[in-house]
Structures are given as structure tokens and as C-alpha cells.
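The block underneath contains the structure these notes are about, expressed in C-alpha cells.
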């Protein structure tokens with residue numbers, strides 16, 4: 001498996017883990033009566049999808065040029 005093809009599921013797994021961690025922090029803050037600041041929230045899902053899409057595009061270009 002090439003590096004691009006291996007990086008796609010790894011990127012999605014890391015993004016899902018970070019999103020879950022962020023969700024737990026927000027949930028814990030709301031249970032404690034605190035408000036979680038929206039300006040501090042990073043759009044992890046969007047970043048993950050854009051990164052995975054770029055890796056898919058790079059993989060397609062690599063495989064179409066290398067014949068593998």
C-alpha cells in the first residue's frame with residue numbers, strides 16, 4: 001500500500017478521535033454549568049474532510065501516473 005493510501009484511513013481515525021475528544025470537553029463543560037466558548041472551537045470535522053480529500057486527490061494522481 002502506498003503512503004497516500006495508508007494516510008487516508010489514518011487521517012480519518014485521528015480526526016474522529018479529536019472530534020470525540022472535543023465533544024467530551026464540551027459535554028463536560030455543559031454538565032458543570034460552564035459555557036464552552038465557541039470562538040475556541042476548531043472545526044475538526046471540516047479540517048479532517050479537506051485533508052482526506054487532498055490525500056485522495058494526491059493518491060489518484062500518483063496512481064494514474066505510476067501505473068500502479
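The values are calculated or read from the model by the stated rules, or taken from the named source; none is laboratory data. Not measured: the values here are computed from a predicted model. Cβ: placed from backbone, ideal geometry, glycine included. Neighbour counts: every protein chain shown.
So here's what we get for this one:
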| quantity | calculated |
| --- | --- |
| Condition met for residue 36 (surrounded by 12 or more Cβ atoms within 10 Å (Cβ to Cβ) and either on the phi > 0 side of the Ramachandran plot or modelled with pLDDT under 80 (or both)) | yes |
| Number of the condition not met by residue 15 [criteria: (1) surrounded by 11 or more Cβ atoms within 10 Å (Cβ to Cβ); (2) at pLDDT below 95] | (2) |
| Scan of the stretch 1-19 for residues that are without any contact (Cβ under 8 Å) to a residue 40 or more places away in the chain and over 11 Å from the mean Cα position of the chain (by Cα), ordered by number | 1, 3, 6 |
